[in-house]
């Protein structure tokens, strides 16, 4: 299991999710479909910043990581994720698609089609 946790409301902007954005491909990223289409990189960043501004604590745990190599430059990573904050909680299987961009791997899509709710809370 891998996990991150941010519990200090005065430092929530320093949590890993803020630097996590650098792992996403700015031009090619497409998030999960919404009623308005899929989110691009900038929509995704705005959504994460909005959620972070309302969050006083959060933790993300991942288990059972699986890799599916599509080619030398593409890989799919699936894992069980539990996201919990003071306002929201869900458990589901997340799928990330990575593409090689120069020497770096960047996320070009992220999906978590079905989740089940859990109890929000910290501690």
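What follows draws every value from the coordinates through simple rules; no lab data is involved. As the structure is a prediction and not an experimental result, all values here were calculated from the model. As a convention, Cβ positions derive from the backbone with ideal geometry for all residues, glycine included, and neighbour counts pool all protein chains shown.
At 0.36 nm per residue, and after removing the present C-alpha to C-alpha distance, how many nm does the segment from residue 74 to residue 93 gain when stretched out fully?
Working: separation 19, 0.36 × 19 = 6.84 nm, distance 1.94 nm.
Taking 0.36 nm per residue and subtracting the Cα distance, the gain is 4.9 nm.
Contour minus end-to-end for residue 104 and residue 20, with contour as 0.36 nm per residue of separation and end-to-end as the Cα-Cα distance? Numbers along the way, then the final one.
Values: separation 84, 0.36 × 84 = 30.24 nm, distance 1.38 nm.
Extending this stretch completely gives an extra 28.9 nm.
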> Which value in nm describes the separation of the simple spin-label points at residue 114 and residue 54, placed 7 Å from the Cα toward the beta carbon?
Replying inline: 2.6 nm
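Test of understanding: what is the full-extension gain from residue 86 to residue 46, defined as 0.36 nm times their sequence separation minus their Cα-Cα distance?
Values: separation 40, 0.36 × 40 = 14.40 nm, distance 1.95 nm.
Result: 12.4 nm gained on full extension.
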